[in-house]
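To start, the structure under review is shown below, and the notes come after it.
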Amino acid sequence: MISQPLFYAGARQEPASGRYQDVIDPATGQVVGRTARAAAADVDAAVRSAKQAFDNPAWRNLSASQRADILLGLAKTLHDNAAELIALEATSTGASVVRMSSFDLPAVIQMAMNVASQLPEYPFVQYPPIRPLPEAHHVRVVKEPLGVCALITAWNGPLLLFMLKLIPALAAGNTVVVKPAENASLSTFRLVELFNQFLPPGVVNIVTGGGAEVGDALTGHPDVAKISFTGSTGVGQHIQKRAADGLKRVTLELGGKGPSIVLPDADLELTARGATFGYLLHSGQICLSGTRLLVPDALHDALVERMVELAGSLQPGNPLDPNTTLAPMASEAHMRRVLGYIEAGKAEGARLACGGGRLTSPECGAGFFVAPTIFTEVRNDMQIAREEIFGPVLSVIRYGDVEEAIAIANDSCYGLTAGLWSSDPVAAYSLCSRLQAGTVWINDWHAVTVDSPFGGYKQSGYGKELAIESIENYLQSKSILASFERKPEFKAMHSMILR
Ligand code: NAD
């Protein structure tokens, strides 16, 4: 049984209160460990340790090339400990070993190597053109780190979400305190411990525990300069308000309600499989998921029929088994929330094409599994079409013409992802600029590359992650202007008041 304390100042630390909470495997409902519940005193100690590390010249004076070597160290650590990390993630979040080994781990290893390769050439120092009049100053613009960064992550992919923030934060020269979701911190803690084997003490620290208790202590701490948050839009709004007091920098990666538009010329089988992948990967517990399927009448019945078949083909089970293709909900409370949305859909008059309840077959045991659920005859003003369910639930909405489809797609407070299914990619391209989303796919879903920035429009947040440009979230610019004019009478500006 795992017993996980806190980690800061380069060492494991017991929580001041001595309190712990259980970690429950969502695939079995069994307790598999316990994690520390930090309080404000622990947060303060962790932030102080990060501040000391930031102020230490041993960290501050590292060159970009030396920081690139550190990123390669992160990549190697992820690679060398992949099996253990994947098992921890699967056990505490329900993420399948197949997803972890074919997407999450390779993606963050590749990102660390990608940023490391570009870091030595990154323009941390720039020389804008010299303007000759009235006096030729020598201008140097230097990009500097912000200080202590609070990294707060959600439970649906804690390892991936942590690394998407840690890589640019360290690349820019900051130090960090990470707070993963209280029910899913095992892989993040282990990474912090492993990284501390080669990083100076205090550069990477972790506090675990409740959102309100630990999160508020962290975001309100005067020595935290930056908050990078991945989670729900509601908590993101709360964090932005709290950050206002100290004018802390904020990056927000929030929720989504991805519209997936099936154009009349779409290939039926490609669309059926792609849209199923779009809403059922990790049982829909992914912010990018395509959860609103917009379909013209002519394709509606055949497409729904095929997607019902595909939904029935997914295999629930233990995420450690490579044959498992349907993940459990991450916690019992979340399963109840998802089931509540399904009931709301039924009550509002949407028609159930498949699913609609908890899965209780023998392979599901006491795990928190929800059947893949497709609602048809959904209107975009229904709760199941407006709110993020974060479960295996698809809302199929009919549209008349393409203009109506675009209007429905954009009629959402979210703007994280959108997609188009069409046999004419050129026509589909021409619609991309009309969709209010940070990522738009044509004939695919969930595809991301480490070179393309990822992030939201509208209430899905702001500030991009993934690409090298994410480093800008963790930097500030300083302009240094040097005058080489030594004769006071030739100082052109001074003459405005000094005659
Ligand atoms: P959540 O907002 O409930 O929690 C996210 C994190 O915030 C957790 O660590 C939680 O403990 C913490 N938190 C809660 N209250 C806090 C407070 N007052 N101050 C500071 N931190 C606080 O979200 P969740 O349920 O863990 O995750 C699901 C949500 O995350 C979904 O909305 C999903 O769309 C979103 N998400 C977005 C992205 C993205 O990249 N856009 C990626 C993954 C998940």
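Things worth noting here:
- Breaking point among (1) at pLDDT below 95; (2) hydrophobic (A, V, I, L, M, F, W, C); (3) in a helix (DSSP H, G or I), for Ala409: (1)
- Look at region 148-159: where a residue is within 15 Å of Leu88 (Cβ to Cβ) and within 9 Å of the ligand (Cβ to nearest atom) and a partner is of a type in the set (Asp, Glu) and in a helix (DSSP H, G or I), sitting 6+ places away or on another chain with Cβ atoms under 9 Å, you get Gly157/Glu89; Gly157/Asp104; Pro158/Glu89.
- The requirement of being part of a loop (DSSP other than H, G, I, E, B), in contact with a helix residue (DSSP H, G or I) (Cβ under 9 Å, 6 or more places away or on another chain) and over 30 Å from Lys248 (Cβ atoms) is satisfied by Arg434.
- Residue within region 426-445 that is over 29 Å from Leu303 (Cβ atoms) and crowded, with 19+ Cβ neighbours inside 10 Å present: no
- Residue selected from region 264-288 under the condition open to solvent by 10 Å² or more (accessible area, probe 1.4 Å), of a type outside the set (Gly, Ala, Ser) and over 24 Å from Pro328 (Cβ atoms), by the criterion nearest to the ligand (Cβ to nearest atom): Leu270
- If the condition is being closer than 16 Å to Ile167 by Cα and in contact with a Gly (Cβ under 9 Å, 6 or more places away or on another chain), then region 456-499 contributes Gly463, Lys464, Glu465, Leu466, Ser470, Glu472, Asn473, Tyr474, Leu475.
- Of all residues making up region 342-364, the number that are in a helix (DSSP H, G or I) and over 23 Å from Ser96 (Cβ atoms): 5
- Test: residue in region 38-49 that is free of Cβ contacts under 8 Å to residues at least 60 places away in the same chain, under 30 Å from Gly317 (Cβ atoms) and open to solvent by less than 60 Å² (accessible area, probe 1.4 Å): no
- Taking residues in region 112-136 that are more than 30 Å from Thr449 (Cα to Cα), and partners anywhere that are open to solvent by 50 Å² or more (accessible area, probe 1.4 Å) and at pLDDT 95 or above, the pairs with Cβ atoms closer than 7 Å and at least 6 places apart or on different chains are Tyr127/Arg140.
The values are calculated or read from the model by the stated rules, or taken from the named source; none is laboratory data. None of the values given here were measured: they were computed from a predicted structure. Note that each Cβ is placed from the backbone with ideal geometry, even for glycine, and that neighbours are counted across all protein chains shown. For accessibility, only protein heavy atoms count, side chains too; no ligands or nucleic acids. Shrake-Rupley method; radii C 1.70, N 1.55, O 1.52, S 1.80 Å.
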